[in-house]
Amino acid sequence: MKVVKKKLDDLKRPQRNIRIHSEAQYKEFERSVTMFGQIRPLVVDEDNTILAGNGLYETLLRLGWTEADCYVVSGLSANEKKKLMMADNKIASLGIDDLGTFDAFLLELGDDLDIPGFDEDVLQSMVSDPEDVTDAMSGYGLITEDEKAALTGAAERKDAAMSVSPKESQSDTVATPSVGTAETRRSVTCPKCGELIWL
């Protein structure tokens, strides 16, 4: 396999892509590229259309890269290109993690758990002593005074919305699918945004 450098400006996104990348995934892509560099080539056809590695391509653009390692596949039919794109996305998802090895790696890494694709706090809790986890969990569910005030304010706004005058309130009769009888549902119009709120 011959890998060549190509300018990102010369590469083309496919008209349709199987994989939809989330913003969270792009952030993890960026962490990975920043930490390790480009560890696999983009796969492009002879016209420089990307067949595999679209998420990586977008990440390199976001990071200001101007070129990337590419593997050029030539001579594929339109159907073969579609199959390659589908296979590339599916095959990676068929693997199963070896949890024993995963746990061993975590223990060997110690406190160095900054790993792209993973939440460091979650990994830390997986390798913590039981007493440390108990201490951390003791504060779970407690809220600060600011959070308490915000919740109280929300409750007061709800009470105010429910006490609107009858002319501001509407009702509608709807059928309950599970029972087959009609029930009356009330609604109010939000005084701030004008949106209809079903009660």
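Coordinate-derived values only; no laboratory data. These figures come from a predicted structure and were not determined experimentally. Note that we place each Cβ from the backbone using ideal geometry, even for glycine, and neighbour counts take in every protein chain shown.
Could you please report the charge total around V4, scoring K, R as +1 and D, E as -1 over all other residues with beta-carbon less than 15 angstrom from its beta-carbon? If you can, show how the numbers build up before the last one.
Numbers: positive: K2, K5, K6, K7, R40; negative: D10, D45, E46, D47, E67, D69.
Every neighbour counted, the sum reads -1.
Would you kindly state how much longer the chain becomes between L113 and M126 on full extension, computed as 0.36 nm times their sequence separation minus their alpha carbon distance, in nm to one decimal? Walk me through the numbers before you get to the answer.
Details: separation 13, 0.36 × 13 = 4.68 nm, distance 1.08 nm.
So the chain would gain 3.6 nm between L113 and M126.
Order the peptides 75-84, 57-66 from the highest to the lowest mean number of other Cβ atoms within 10 Å of their residues. Can you show the working numbers first?
Details: 75-84: 11.7, 57-66: 15.4.
Going from most to least packed, we get 57-66, 75-84.
With a sphere of radius 13 Å drawn around the Cβ of R40, what net charge do the other residues whose Cβ falls strictly inside it have (Lys, Arg +1; Asp, Glu -1)? Numbers along the way, then the final one.
Details: positive: none; negative: D69, D88.
Result for the local shell: -2.
Using packing as a proxy for protection, rank 29-35, 120-126, 153-159 so that the peptide with the highest average count of other Cβ atoms within 10 Å comes first.
Values: 29-35: 15.7, 120-126: 12.7, 153-159: 10.6.
Highest-to-lowest ranking by the protection proxy: 29-35, 120-126, 153-159.
Could you check the simple spin-label distance between A92 and E156, using points 7 Å along Cα→Cβ, in nm with one decimal?
Spacing of the two 7 Å Cα→Cβ label points: 5.1 nm.
Please list log₁₀ I(q)/I(0) at q = 0.12, 0.21 Å⁻¹ for the range 3-93, using the Debye equation with identical point scatterers on the alpha-carbon positions.
Debye intensities relative to I(0), on a log10 scale: -0.35, -1.09.
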